[in-house]
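Before any comments, here is the structure.
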Amino acid sequence: MSRKVQSRPLTHRFAFHGDGASFFGIHLVTMFLSALTLGIYSFWGRVKIRRFLYSQTEFAGERFAYHGTGMELLKGWARASFLLGAVLGLNSLLFFLWDDPASAWITQLIPLALVVMLAPLAIVGTLRYRFSRTSWQGIRFSFRGRVLDFAKVFVPAAVLNVVTLGLYFPFFLARILPYIAENTAYGNERFAFAGKGRDLFSQTLLAAILTPLTLGLYGFWYQAHVERFVWDHMAVAGARFRSTVSGGGLCALGLTNGLLMIVTLGLAYPWVKVREARYKLAHLTLVGSVDWSQVRQEAQQAGTFGEGMADILDLELGV
Amino acid sequence: MQVTRASWTARYFDGQTARRQEVSLRITPGGLHFRCEDGSDHVWGFGELRQTQGRHRGEPIRLERGLEALVIAEPEFLAALAKHRRGSGIRGAQGAPKQTAIALASALGLVGLGISLYVWGIPTFVNAAAARVPVAWEDKLGAAVTAKIAPLETRNADPEANAALAAMVARLAGDAPSPYHYRVAIVEQPTVNALAAPGGHILLYRGLIARAQSPEELAGVLAHEMAHVERRHSTQAVFRELSFSAVLAALTGDARAMGQILDLAGDLGALRYNREAEREADRDGMYRIQAAAIDPRGMVRFFKELQERESGFLDVGALSTHPPTRERLAAAEALARDWQAASRETRPVLTQAQWQALKRPPTAEP
């Protein structure tokens, strides 16, 4: 670790500078050109949107940069849909040839099993691609996790989470986040996650009781707990993240955003996204002294297959 | 305004480490010239660099060359750069004002695209698609729709009433060749309504039957619904609903919206026709009645009833999407007059016993 023993801890701030009007403009252009090109432009539009979001995000006085291209996204999507299409096509062919009601459940189970098996692939692929196309101060991020290793961690944890109706969620996070963090790097500096599931468990129990009683309002407070749990245990290059997101803040943000969406019939979406990013990043810091000249470039190759798969499976990853 | 600055302050990232270096940048005819803290000189030819940021208000200008990057905070730098190298030589170079113009043009384009889709794109597609759908497919769709709107337990199961209804349908169908096999059900609900689902599935509501004073009136309504089936109006309505949601999903790029609206397609809301379709069904229905030698004054009487009802209540159920009753009444009266002028023969639609069976509410069953 490159922390200098003598220097006192510094607080590096995050900030989001984007304004809703510019973001709305980008959405308008994307929608128009996507409609004209029967959706093909949407991959390039997505790049424009990401580029805007990244370049409006500042950390320690410098903006992030996004390096992906529309063609990459299109190719990833095409490859993933070709594979999925082939498998599902074969499956329905089987369904017709078999034509035996007793064993029909097998052909219905295959797509479901496919989604369960492909989710780790899509998540790992998305992380690999997304991080490899992100840079700050000229240094790329990377994710070096492997699908099989991740699946071994993810699948049992996800199943337990579903079986326990979400009560396992803190332990789910405490199992998958160390794997993700340890395989994520900024240049040659790996991230680390040291949270324990039990630190969040009492809050989860409380939320399970209070959320229905408060008509869902307590969900904002629980969300704040989760957010702080995730960030406060995350570290990189000897410095630790710190989130000061509060339940009251998230509640005010969530309710006003919901109202904005309803009143404008969804047109306020870009403003809502901007408000969310502004709030969350204004409450995020990295505490600790880091000698940036010690962080070396370690770029990594990554394809878009997983990203395309995530797109088709409709996975929303908060990356 | 003359932009002549000797040098610009920039931050340089060498792409090897995350170190930030403050450099003094000069624009020379040969390219961008700057010196690093270690004293090394760098020249970036205009053709090698690419602008990736600085398109939006407040966003610093970012120039990249491979893994290296230069970040300049002052927006005036772009103008100075353009002066030296005509700007266009740099890949991706673009200022902020153009963005607003492009966004505005896109908004206008979207509105234009939306209107043209709504006015002719979707109707053209819908009519073409609905005309090519096999009857078997329509039949499946219609069965699913009517099963959802009126489950079996809400339907009249009295064999006499259903036999009477079948006789009326057979009379109206006549000898004319039709790909459709009609299945008409009586729904035991007080609504004054009738509807035609794709493929020949028709629902007549008790409220409507109770209101009809003669079998000829009911035959008029049934002939109208059969015309909807023959002209595939409800199949078109389902396609219309689907294409709207498909366009919406394509615009928002959200595949989930599609699934949600697909469910909607099976609902009653999808079975709405425009006024032109209603006029067609009125006209075809009237011809059908004449072809079956049924007294067309029944239909006229029914429209009169409707008009009286409309003057008293605002709510006429699903019939409110129909053209103004006065207009339909006038059209029906004109047709009836022509027909009377030709003094054609008529035969009753149902026997008195059949009509009584049809009118009898299910509670009165033995």
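The values are calculated or read from the model by the stated rules, or taken from the named source; none is laboratory data. The model shown is predicted, which means the values in this text are computed figures rather than measured ones. Positions of Cβ are generated from backbone atoms using ideal geometry, with glycine treated the same way; all protein chains shown enter the neighbour counts. Ligands, DNA and RNA are excluded from the accessible area calculation, which covers all protein heavy atoms including side chains. Shrake-Rupley method; radii C 1.70, N 1.55, O 1.52, S 1.80 Å.
Scoring B:A163 on the criteria (1) crowded, with 16+ Cβ neighbours inside 10 Å; (2) away from chain A (no Cβ under 14 Å) leaves a single failure, condition (1). If only residues of the range B:153-180 that are among the polar types (S, T, N, Q) and free of Cβ contacts under 8 Å to residues at least 40 places away in the same chain are counted, the one that is nearest to B:P348 (Cα to Cα) is B:N162. Inclusion of B:R183 among residues that are farther than 29 Å from B:T346 by Cα and assigned by TED's automatic domain parsing to the domain that holds B:L242 is not warranted.
Scanning for something free of Cβ contacts under 8 Å to residues at least 60 places away in the same chain, small (G, A, S) and part of a helix (DSSP H, G or I), does the range A:287-295 turn up at least one residue? Looking through the range A:287-295, at least one residue is free of Cβ contacts under 8 Å to residues at least 60 places away in the same chain, small (G, A, S) and part of a helix (DSSP H, G or I).
Within the range B:58-78, which residues are without any contact (Cβ under 8 Å) to a residue 40 or more places away in the chain, more than 7 Å from chain A (Cβ to nearest Cβ) and either among the hydroxyl-bearing types (S, T, Y) or in a loop (DSSP other than H, G, I, E, B) (or both)? Across the range B:58-78, the qualifying residue is only B:P75. Against the test of being part of a helix (DSSP H, G or I) and either within 30 Å of A:R46 (Cα to Cα) or aromatic (F, W, Y) (or both), the options A:R190, A:R275 yield a single qualifying residue, A:R275. Considering only the range B:116-123, I want to know if a residue exists there that is surrounded by 14 or more Cβ atoms within 10 Å (Cβ to Cβ) and away from chain A (no Cβ under 14 Å). Looking through the range B:116-123, at least one residue is surrounded by 14 or more Cβ atoms within 10 Å (Cβ to Cβ) and away from chain A (no Cβ under 14 Å). Filter the range A:205-246 for residues that are more than 21 Å from A:L286 (Cβ to Cβ), over 21 Å from the mean Cα position of the chain (by Cα) and open to solvent by less than 30 Å² (accessible area, probe 1.4 Å) and give the result. If the condition is that a residue be more than 21 Å from A:L286 (Cβ to Cβ), over 21 Å from the mean Cα position of the chain (by Cα) and open to solvent by less than 30 Å² (accessible area, probe 1.4 Å), then A:A207 is the only one that fits. A:S293 meets the stated requirement of being surrounded by fewer than 17 Cβ atoms within 10 Å (Cβ to Cβ) and over 30 Å from A:A21 (Cα atoms).
State whether one or more residues within the range A:20-36 are more than 8 Å from every other protein chain (Cβ to nearest Cβ) and closer than 30 Å to B:R19 by Cβ. Within the range A:20-36, none of the residues are more than 8 Å from every other protein chain (Cβ to nearest Cβ) and closer than 30 Å to B:R19 by Cβ. For the range B:204-233, the set of residues classified as touching a Ser or Thr at 6+ places or on another chain (Cβ under 7 Å) and under 23 Å from B:Y287 (Cβ atoms) consists of B:H228, B:E230, listed by residue number. Of all positions in the range A:165-180, at least one carries a residue that is away from chain B (no Cβ under 14 Å) and at positive phi. In the set A:L317, A:L250, A:L255, only one residue is at pLDDT 70 or above, aliphatic (A, V, I, L, M) and surrounded by fewer than 16 Cβ atoms within 10 Å (Cβ to Cβ); that residue is A:L255.
Within the range B:178-200, does at least one residue satisfy the condition of being open to solvent by 60 Å² or more (accessible area, probe 1.4 Å) and assigned to a helix (DSSP H, G or I)? Give the derivation first.
Initially, the range B:178-200 is screened for residues open to solvent by 60 Å² or more (accessible area, probe 1.4 Å), giving B:179, B:181, B:183, B:189-190.
Retained after the next criterion (residues that are assigned to a helix (DSSP H, G or I)): none.
Taking every residue of the range B:178-200 in turn, none turns out to be open to solvent by 60 Å² or more (accessible area, probe 1.4 Å) and assigned to a helix (DSSP H, G or I).
Let's see how each residue does on (1) assigned by TED's automatic domain parsing to the domain that holds B:A163; (2) surrounded by 12 or more Cβ atoms within 10 Å (Cβ to Cβ); (3) modelled with pLDDT of 80 or more:
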site	(1), (2), (3)
B:E310	yes, yes, no
B:S320	yes, no, no
B:T325	yes, yes, no
B:A332	yes, yes, no
B:Q340	yes, yes, no
B:Q354	yes, yes, yes
B:P366	no, no, no
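For the range B:5-20, the set of residues classified as assigned to a strand (DSSP E or B) and either surrounded by 15 or more Cβ atoms within 10 Å (Cβ to Cβ) or more than 14 Å from chain A (Cβ to nearest Cβ) (or both) consists of B:W8, B:A10, B:R11, B:Y12, B:F13, B:T17, listed by residue number. For the range B:124-136, the tally of residues that are within 20 Å of the chain's Cα centre (by Cα) and in contact (Cβ under 8 Å) with a residue 40 or more places away in the chain stands at 7. Taken as a whole, the range A:146-156 holds no residue that is more than 14 Å from chain B (Cβ to nearest Cβ), of a type in the set (A, V, I, L, M) and part of a loop (DSSP other than H, G, I, E, B).
Considering the conditions (1) away from chain A (no Cβ under 14 Å); (2) in contact (Cβ under 8 Å) with a residue 12 or more places away in the chain; (3) surrounded by 14 or more Cβ atoms within 10 Å (Cβ to Cβ), B:H33 is excluded by exactly one of them, (2).
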